[in-house]
Amino acid sequence: MTEFWLISAPGEKTCQQTWEKLHAATTKNNNLAVSSKFNIPDLKVGTLDVLVGLSDELAKLDAFVEGVVKKVAQYMADVLEDSKDKVQENLLANGVDLVTYITRFQWDMAKYPIKQSLKNISEIIAKGVTQIDNDLKSRASAYNNLKGNLQNLERKNAGSLLTRSLAEIVKKDDFVLDSEYLVTLLVVVPKLNHNDWIKQYETLAEMVVPRSSNVLSEDQDSYLCNVTLFRKAVDDFRHKARENKFIVRDFQYNEEEMKADKEEMNRLSTDKKKQFGPLVRWLKVNFSEAFIAWIHVKALRVFVESVLRYGLPVNFQAMLLQPNKKTMKKLREVLHELYKHLDSSAAAIIDAPMDIPGLNLSQQEYYPYVYYKIDCNLLEFKSDHMVSLVQHCPRDFPIVMDIVFLLPSVVASIAGGHRSLKVWLR
């Protein structure tokens, strides 16, 4: 993806001349950026006091909406899991890719009527995006719980014979069932000690049924064996087995419980598949809605700051620049030369920290022209980034992060091995 610089400059004799001058300096002559007009309709100006207050409110709204856009995009990447390469093709605005939407931006008159005041339009945007944010939290929570429960069941059927569920391995014929005196135990025997098991298991305790042990399954390190003995010898057998590095698993053959676990896994798997499609569709639709709202907030900010900077009557040209990464510094210098006459306080240096009361301008991003960045790099792939963060921190270093949208598997991989992980849920 890419980033854009959304700027505005006062109209000279005409706004078209302002545009042509910028286009020549940045694109036509120097090829420093791809430039295009950014069309903002004639909005209601209101009073100066309202504009100054709205400038601060729009800055907060901008940050909030951008955050929701990124949350929706990131959660789509989390949900798609193995299809993360397909995430970008699902991140569309009004059915087109984000670059096309931004470069061909047209104000949505139906959603945000320009007859409304600027404050009302900002409130419409805030209400809509807040609803998306709340819906995302509830949908993410429900899907993550479902996915987490399914992963817990799947995890029981994975891993070594020492820890995994044995229900999928054993059969009814492997046990002596419904006996008042006899019971069958399952024992994990290290492969290196299997010969010792064959020689010793009948004598580890009294009343072990001779030749009752068979290998039922194996993994890389161990065999799973059964053995039948009298119930009153079980405790002694467990103790002696442990002394010889044979681990008796706690397992009782219960067909009803095993059937219930299998049905639960099938149910969760089916529910996950049922929720997956509608959830992805919801994410696509609401990503588009949130992104469209975000670009409208940028347009509002450009309008408000341009009126505050350049005065009335409204006469400015908003322009969109897609800078080349290697020539950003040069582009900034060219813009500075073009517009330094607009503000003498900014004429001496570029990128100077400034604080101007009444205008909501980032201290690191004050220029003689109105400027806002639109960063379309929306995906961070949190799991790899955060796991790497934890792995490179000292083990007792406290880490604070927002994991409300991390999937359970990611949380587990982050928390594992870090004793002082502190998590605040928003």
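The values are calculated or read from the model by the stated rules, or taken from the named source; none is laboratory data. Just so it is clear, the model here is predicted, and its values are computed rather than measured. Here the Cβ is made from the backbone with ideal geometry for all residues, glycine too, and neighbour counts use every protein chain on show. These accessible areas exclude ligands, DNA and RNA; they are computed on the full protein's heavy atoms, side chains included. Shrake-Rupley method; radii C 1.70, N 1.55, O 1.52, S 1.80 Å.
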Name the single residue, out of those in region 32-85 being touching a strand residue (DSSP E or B) at 6+ places or on another chain (Cβ under 9 Å) and acidic (Asp, Glu), that is nearest to Ser122 (Cα to Cα). Asp62
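Looking at Phe64, is it outside any helix (DSSP H, G or I) and either touching a residue at least 24 places away in the same chain (Cβ under 8 Å) or over 14 Å from the mean Cα position of the chain (by Cα) (or both)?
no
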From the list Ala63, Ala59, Ala110, Ala93, which one is under 16 Å from Glu305 (Cα atoms) and at pLDDT 95 or above? Ala59
Picked from region 1-57 (must be touching a residue at least 12 places away in the same chain (Cβ under 8 Å) and among the acidic types (Asp, Glu)), the residue surrounded by the most Cβ atoms within 10 Å (Cβ to Cβ) is Glu57
With respect to Gln275, is the statement that it is part of a strand (DSSP E or B) and among the polar types (S, T, N, Q) true? no
Please indicate, with yes or no, whether at least one residue in region 113-130 is closer than 30 Å to Asn39 by Cβ, hydroxyl-bearing (Ser, Thr, Tyr), modelled with pLDDT of 95 or more and within 22 Å of the chain's Cα centre (by Cα). yes
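How many residues are assigned to a helix (DSSP H, G or I) and either of a type in the set (S, T, N, Q) or touching a Gly at 6+ places or on another chain (Cβ under 6 Å) (or both) when one looks only at region 150-194?
Total satisfying the criteria: 3.
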Would you point out which residue out of Pro353, Pro357 is at pLDDT below 70, over 32 Å from the mean Cα position of the chain (by Cα), part of a loop (DSSP other than H, G, I, E, B) and farther than 19 Å from Val52 by Cβ? Pro353
Could you list, in sequence order, all residues of region 159-193 that are open to solvent by 50 Å² or more (accessible area, probe 1.4 Å) and either over 41 Å from the mean Cα position of the chain (by Cα) or under 26 Å from Glu206 (Cβ atoms) (or both)? Lys171, Lys172, Asp173, Val176, Leu177, Asp178, Glu180, Tyr181, Lys191, Leu192
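Okay, residues lined up against (1) closer than 20 Å to Val68 by Cα; (2) touching a residue at least 12 places away in the same chain (Cβ under 8 Å); (3) aliphatic (A, V, I, L, M):
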position: Lys245; (1), (2), (3): no, yes, no
position: Tyr253; (1), (2), (3): no, yes, no
position: Met258; (1), (2), (3): no, yes, yes
position: Met265; (1), (2), (3): no, yes, yes
position: Gln275; (1), (2), (3): no, yes, no
position: Pro278; (1), (2), (3): yes, no, no
position: Arg281; (1), (2), (3): yes, no, no
position: Ala290; (1), (2), (3): yes, yes, yes
position: Ala293; (1), (2), (3): yes, yes, yes
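Matching residues to (1) of a type in the set (Asp, Glu); (2) assigned to a loop (DSSP other than H, G, I, E, B):
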| position | (1), (2) |
| --- | --- |
| Lys13 | no, yes |
| Trp19 | no, no |
| His23 | no, no |
| Ser36 | no, no |
| Gly46 | no, yes |
| Val50 | no, no |
| Lys70 | no, no |
| Met76 | no, no |
| Glu81 | yes, no |
Scanning region 195-210 for residues that are assigned to a loop (DSSP other than H, G, I, E, B) and touching a Phe, Trp or Tyr at 6+ places or on another chain (Cβ under 9 Å), the one most open to solvent (accessible area, probe 1.4 Å) turns out to be Glu206
Please count how many residues of region 211-246 are open to solvent by 70 Å² or more (accessible area, probe 1.4 Å) and touching a helix residue (DSSP H, G or I) at 6+ places or on another chain (Cβ under 7 Å). 2
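Every residue, every condition in (1) over 20 Å from Asp178 (Cα atoms); (2) at pLDDT 95 or above, yes or no:
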site	(1), (2)
Ser212	no, yes
Leu229	no, yes
Val248	yes, yes
Tyr253	no, no
Glu257	no, no
Specify the residue that is nearest to Leu229 (Cα to Cα); the eligible residues are those in region 158-194 that are polar (S, T, N, Q) and free of Cβ contacts under 8 Å to residues at least 12 places away in the same chain. Ser179
Selected residue (only one of Ala318, Ala293, Ala299 is in a strand (DSSP E or B), within 22 Å of Lys111 (Cα to Cα) and modelled with pLDDT of 95 or more): Ala318
Output the number of the condition that Arg309 fails; it satisfies all remaining conditions of (1) farther than 30 Å from Ile7 by Cβ; (2) open to solvent by 50 Å² or more (accessible area, probe 1.4 Å); (3) in a helix (DSSP H, G or I). (1)
Residue under question is Lys284, and the condition is that it be surrounded by fewer than 21 Cβ atoms within 10 Å (Cβ to Cβ), at pLDDT 95 or above, not in a strand (DSSP E or B) and not hydrophobic (A, V, I, L, M, F, W, C); does it hold? yes
Can you tell me which residues in region 59-96 are open to solvent by 20 Å² or more (accessible area, probe 1.4 Å) and among the hydroxyl-bearing types (Ser, Thr, Tyr)? Ser83
Take Asp108 and tell me if it is of a type outside the set (Lys, Arg) and closer than 19 Å to Phe38 by Cα. yes
Just give me the residues in region 97-127 being surrounded by fewer than 19 Cβ atoms within 10 Å (Cβ to Cβ), closer than 26 Å to Tyr75 by Cα and small (Gly, Ala, Ser), in sequence order. Ala126
